[in-house]
Amino acid sequence: MLNSTYKEGDILNKRGCGILLHPTSLPGSGGIGSLGADARRFIDLLAAMGMSYWQVLPLTPPACGNSPYSAFSAFGGNPLLIDLEQIKHDGENGTPLQGHYPEHHVDFAAVAVQKTAWLRKAGATFLSRTETGRTREFRTFCETTAWLDDYALFMALKHHFHGTSWITWPTGALHSTPKMHAHYAEELADEIALQKYMQWQVSKQWHELRNYANSHGIAIIGDIPIFVAYDSADVWSHRDLFLLDASGNPTVVAGVPPDYFSATGQLWGNPLYHWEEMERNGYRWWIDRFTAVFELFDIVRIDHFRGFEAAWQVPATAQTAIDGQWVSGPKEKFFDALQSALGPLAVIAEDLGVITPEVITLRDRYNYPGMKILQFAFDSARATTDLPHNHVKHGVVYTGTHDNNTTKGWYDTLTEAERNGMSAYLGTSGKDGADALMNAALMSVADTAIIPFQDILKLGSEARMNVPGTTFGNWEWRFSWDMLPQDIATTVRSRITRFGREAQGELNHDS
């Protein structure tokens, strides 16, 4: 059973508000947000606003397109989030960072080269030291982190084979076997140690930051994508748990049918699970995954929850997601096993897209709150239950998510008829769509309201985080402190207090 961090009833069963912002979007030096001083300043701001939650995207190491939803590991952390100043304070230093970084977006390619080089030098310095309290702490982390050996070896092999996908590696490295582990553990020992060092640093810094947030009354909402990337330590080391052919190639891949975001559907390309094999071993991989994610977060949003009821299965050779089919998932067998192993979980079910009565039944069986998106509510092309009069108390309302445009950017694209319809419904003048939608979220009957930070700042489409169905140019937006009005904490706190969402101080920890 998981040890609950907070007393039962404190999380998601009270009226509260939170901000959605991924740590990469934080200000700071080095070209990308980190887990350092600016993250603590942001938590201070959340507390001053009266917020109860900080929602983040997956913290895993991004692979394809820099997406946190396509990662080299479902368990590992993103080394690019590491705060270098804290490592300097501990006595290590790296290669001086070169060049000028843009202030309001992340140049992932440049940041990855510079920051990884810095961390490698700092890690080599640390690993060369004699026994200290910190080296003992590092060794304990390595010995007690179950997924670390597979991940570190996988990343060391990727480095050794010049970043190529595991399916192209020589025969001796294709299969994760004890013999192969023993061989490469010796040959790639230094690289494996560096990979473990970086994971230790991101884990240590994140846990310190989470403790800081909790001590300021802020619970962290994390995210667990249902699918994993094909080129990942997870697929490489657990090939039997995925629908692959004898050579290791996917036979079918994940996606969604034509929807609001794309007329041809979304072809995600992730391998699909061999659910029968997972059931035979008691869903052990998933139980380990949920255990790991709840060591990072207080609450977890399950991305694409409907995939556990049925997933859109597309032939691996398909060019679009149109020619897929719905294939039944593990349903209650999975969640019963999860709950039996870990107890009741603080989960938000991302129940967007093509939702059937069966998906709703599965969600409600475990009392998981679902999501309402206000941008969807006022889009005339959608038949929607997202309008505020359809909200329920045990739910989470968003103005938009990381996949939506910013609310200002979205409002700018509406027709005059759509704007007039929204204004008539909400009783507003129609002059400030972002402000009107935020008010609608705050006054909703839903216990929890989450607002992307871009909407708090009333930014346009230039601040959009992701455009589904596109590969490049996403996940890059960052803010700077000079964007914030001086009285932002006071004005936001006043608004959320008006609607009964002000946090009530430090979270109640279990005794």
Calc'd 3J(HN,Hα), segment 348-359, phi into Karplus 6.51 cos²θ - 1.76 cosθ + 1.60 (θ = phi - 60°), Hz, glycine/Pro = x, comes to 10, 8, 6, 10, 9, x, 7, 10, 9, x, 5, 5
Check: segment 106-150 dipole with +1 on Lys, Arg Cβ and -1 on Asp, Glu Cβ, in debye: 280 debye
Could you list, in their original order, any pairs among LYS372/LYS408; LYS196/LYS458; LYS158/LYS179; LYS14/LYS196; LYS115/LYS204 whose Cα atoms are separated by more than 29 Å? LYS196/LYS458; LYS14/LYS196
Counting only residues 5 or more places away or on other chains, whose amide H sits under 5 Å from the amide H of ARG301 once H atoms are built in the peptide plane? GLY222, ASP223, ILE224, ILE348
Between the residues HIS175, TYR425, PHE227, the Cα farthest towards the positive end of the dipole of the chain, that dipole coming from +1 and -1 charges on the beta-carbon of Lys, Arg, Asp and Glu, is from TYR425
Note down the relative contact order for the chain as a percent, whole number, built from C-alpha pairs under 8 angstrom at least six residues apart. 22 percent
Order of ARG306, ARG284, ARG15 from fewest to most other C-beta atoms within 10 Å? ARG284, ARG15, ARG306
Point-to-point label distance, ALA182-ASN281, nm (Cα→Cβ direction, 7 Å offset): 2.1 nm
Output ³J(HN,Hα) for segment 60-77: one whole-Hz value per residue in order, computed from phi by the Karplus curve 6.51 cos²θ - 1.76 cosθ + 1.60 with θ = phi - 60°, and x for Gly and Pro. 6, x, x, 10, 5, x, 6, 7, x, 8, 9, 10, 6, 7, 7, 10, x, x
Read phi for every residue in segment 281-295 and hand back ³J(HN,Hα) as whole Hz from Karplus 6.51 cos²θ - 1.76 cosθ + 1.60, θ = phi - 60°, with x for Gly and Pro. 9, x, 6, 4, 4, 5, 4, 5, 5, 5, 4, 5, 6, 7, 7
Among HIS402, HIS175, which comes first, then next, by fewest other beta-carbon atoms within 10 Å? HIS175, HIS402
Dividing the convex hull volume of the alpha carbon atoms of the chain by its residue count, what do you get in Å³ per residue? 150 Å³
Of TRP166, LEU148, PRO23, which is farthest towards the positive pole of the chain's charge dipole, taken about the Cα centre with +1 and -1 on the beta-carbons of Lys, Arg and Asp, Glu respectively? PRO23
Search the structure for amide H atoms under 5 Å from the amide H of LEU20, placed 1.01 Å from N in the peptide plane, and list their residues when 5 or more places away or on another chain. GLN55, ILE451, PHE453
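What size of dipole, in debye to the nearest 20, comes out for segment 16-498 about its Cα centre when the only charges are +1 on Lys and Arg C-beta atoms and -1 on Asp and Glu C-beta atoms?
Dipole magnitude for segment 16-498 comes out near 680 debye.
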The Rg/Rh figure for segment 1-142, Cα atoms and Kirkwood Rh, to two decimals is 1.01
Viscosity 0.692 mPa s, 37 °C: Kirkwood-radius Stokes-Einstein D of segment 178-242 over Cα pairs, µm²/s: 217 µm²/s
Can you tell me how much longer the chain between SER423 and GLU462 gets when fully stretched, taken as 0.36 nm per residue apart minus their C-alpha distance, in nm with one decimal? 11.6 nm
What is the set of long-range amide H partners of TRP268 at a cut-off below 5 Å, with H atoms built 1.01 Å from backbone N? GLY255, VAL256
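Please report ARG363, ARG419 as a ranked list, fewest other C-beta atoms within 10 angstrom at the top and most at the bottom.
Listing ARG363, ARG419 from fewest to most nearby Cβ atoms yields ARG419, ARG363.
Computed from the coordinates by the stated procedures, all read-outs in this text should not be read as laboratory data. All values reported here derive from a predicted model rather than from experimental measurement. For neighbour counting, all protein chains shown are included, and Cβ atoms are generated from backbone atoms with ideal geometry for every residue, glycine included.
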